[in-house]
1. Under 5 Å between amide hydrogens, which residues at least 5 positions from B:T45 or on another chain qualify, with H placed 1.01 Å from N in the peptide plane?
2. In what sequence do B:W286, A:W160 fall when counting other Cβ within 10 Å, fewest first?
3. Quick check on the exposure proxy: order B:V126, B:V98, A:V104 from fewest to most C-beta atoms within 10 angstrom.
4. What share of all Cα pairs of region A:185-260, in percent, falls into each consecutive 5 Å distance bin?
5. Measuring from the lowest to the highest alpha carbon on each principal axis, how far does region B:182-298 reach, largest first, in angstroms?
6. Please check: in the Gaussian network model of chain B (C-alpha springs, under 10 Å), which one of B:V177, B:V282, B:V169 has the largest mean-square fluctuation.
7. Given N residues in chain B, what is Rg(Cα) / (2.2 N^0.38 Å)?
8. Rg and Dmax of region B:2-62, using alpha carbons, in Å: what are they?
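Rule-based calculations on the coordinates, nothing more; no lab input. Small disclaimer: the values here were computed from a predicted structure and weren't measured. In this analysis, Cβ positions are derived from the backbone assuming ideal geometry, glycine residues included, and neighbour counts consider all displayed protein chains.
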Amino acid sequence: MSQTLTTTPGVPANNDRNNRNYRRAKLAKAAANKFIVYLVLVFGAVLMLLPLLWMVTTSLSNNEYATSFPPHFIPTHFEFGKYVSIFTNHDMGQFFLNSIIIVVPSIAGQIISSSMAAFAFARLRAPGKRILFIMTIATLMIPYEVTIIPTFILFRYFHWINTFWPLIVPQLFGNAYNIFLMRQFMMSIPTELDDAAKIDGLGFFGIWRRIILPLSFAPIATVGVFTFTFNWGSFLAPLIYISKTRFYPLALGIYMMTQTSNRGQIPPWNLIMAGSMLLTVPMVLVYFFSQRYLYEGSNVLGKIT
Amino acid sequence: MSSARGMSMKAKETLAFYLFLTPWGIGFIVFLMGPLLASLVLSFTNWDLLQPAQWVGLANYKRVLFGPSQFWLAMGNTAYYALILVPLSIVVALILAVLLNQNIILRRFFRTVFYLPATLPIVAVVFLWQWILAPSGILNEILGWFGIHGPAWFVDPAWIKPGLILMGVWAAGSGVVLFLAGLQGIPKYMYEASAMEGAGPIRQFLMITVPMLSPIVLFNLINGIIGALQVFTQVYIIARDNKAAVMAVPYLYHEAFGYFKMGYASAVAWIFFIFVMALTLVVLRWSRSWVYYEGEVR
């Protein structure tokens, strides 16, 4: 090859042959890069998915397989016994129902209260609004471990230990993050709509209910999904407030199942994995159907900074 | 008169504003500001919920900071956990996001897969990893194929924190989504211009991608550190009585709800809160030297 190939990369050489060689080298290099990129991505995806596959196969295996050593990746035959056992020998049906009883009103409360506050901050003018908004955002910095002790004392004073109230009531008033997320969205709705609605005789409540809420589907879905995600797997609050078996939410119920040793033995892993599947599958379903909103939500979160 | 009507409209709007804010106002007072102040007052008392509370001044703070307790052990373990897990998660998430930002087929599939572990309920994740990392579990079996004798992860004091960190990195995917959104906001001409100047991919990554993403790195860093320092569920379930993984919030939980030392636990909470705030401020201060805000004066 001639010495003329000292052109800067990216600028094609004048010489035709050099140009072709250069392009071919560049293509080969690009193909090699692509290969490495895919290799890393596939490797990463396998690392993310293998543990989940392990959860599924373990939950579908029989006791012999689950306790055998060395462990096998794929069971020799599948059985659904543990999925029956978690409902018949353990109270997973009740725990599942308890989780739903806690999650549904929490979602409704978060959506209604947060959207009301967000509407006030986004669309209404009033003295003191700025300082109240700053105070609202500042509550994001209050860590939960500072408030749990007084909150426990308060609910104990109400005789709400071993009821669902301590798990539901704090959710009914909204929170700063959800308010911020909804406010950001509502600010982008044209104010002409409000003016037109006022001319049509709608009050502020009507504007919130009939104009703003129907247009705010995306942030409502986001808040709903976040509230579900947060409460479905919640562990600390039930651990503090619930000690009676029939009130356990699912996550606590599964934990307690692993603690009740059967003649000093931990329950078999296939049973625990079946319980974990019951906890995981609803979350994964919600995630698949709401990915779009979750990503939007994390984008808004990114904009706080 | 129009001015009178204007006044009444204004008053109506103010009234509506405060009415709409009422539910959140109640929550703000009853579940945030009230408990915050109550916790501060409690921290100056001794109270076991049975006998009347006693005012003890700063005694609890002295006992937490200088008394014989597991507090400093817990702080050390928590700091170790957070300061390794968070940077590691950010690096992993950043690499995956940059790779995904290439012209990749199945990008959405990969994005879904990477984010998936971060969405799972933590209790399920804990049991899954206890099973994977069991002394004769699947991971040690795989390590055995390569002639590596795997440790007794969550049982061995030397390996319990690395085990927890490994579990945390598995769920690093929430950062991927955030970084990917940031990457798509970087103008293409920057890369084209630098390619004309002869910059390779690694140089482009260091000179364009990293500075342009630095605000998101900072956000992930602060959020991640605050979240990791407050770790509870995995430590509570896995560590139990393992001294090598006593951490701040589980320690506080045991003092408050195991021994009913409400005043002492409140003092722990405030010292921990101040520590977290101080660390956040240090990171923010330090970030001035490496975070790049495009065309913005902060």
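1. Under 5 Å from the amide H of B:T45 lie the amide H atoms of B:V56, each far enough along the sequence or on another chain.
2. Numbers: B:W286 12, A:W160 16.
Going from least to most buried by this count: B:W286, A:W160.
3. Working: B:V126 25, B:V98 19, A:V104 14.
Lowest count first: A:V104, B:V98, B:V126.
4. So the P(r) values, bin by bin, are 3, 13, 17, 12, 8, 8, 8, 9, 8, 7, 4, 2, 1, 0.
5. Answer, in whole Å and largest first: 67, 32, 21 Å.
6. So, out of B:V177, B:V282, B:V169, the one fluctuating most is B:V282.
7. Values: Rg = 25.0 Å, N = 298, 2.2 N^0.38 = 19.2 Å.
Compared with the compact-globule rule of thumb, chain B sits at 1.30.
8. 21.3, 65
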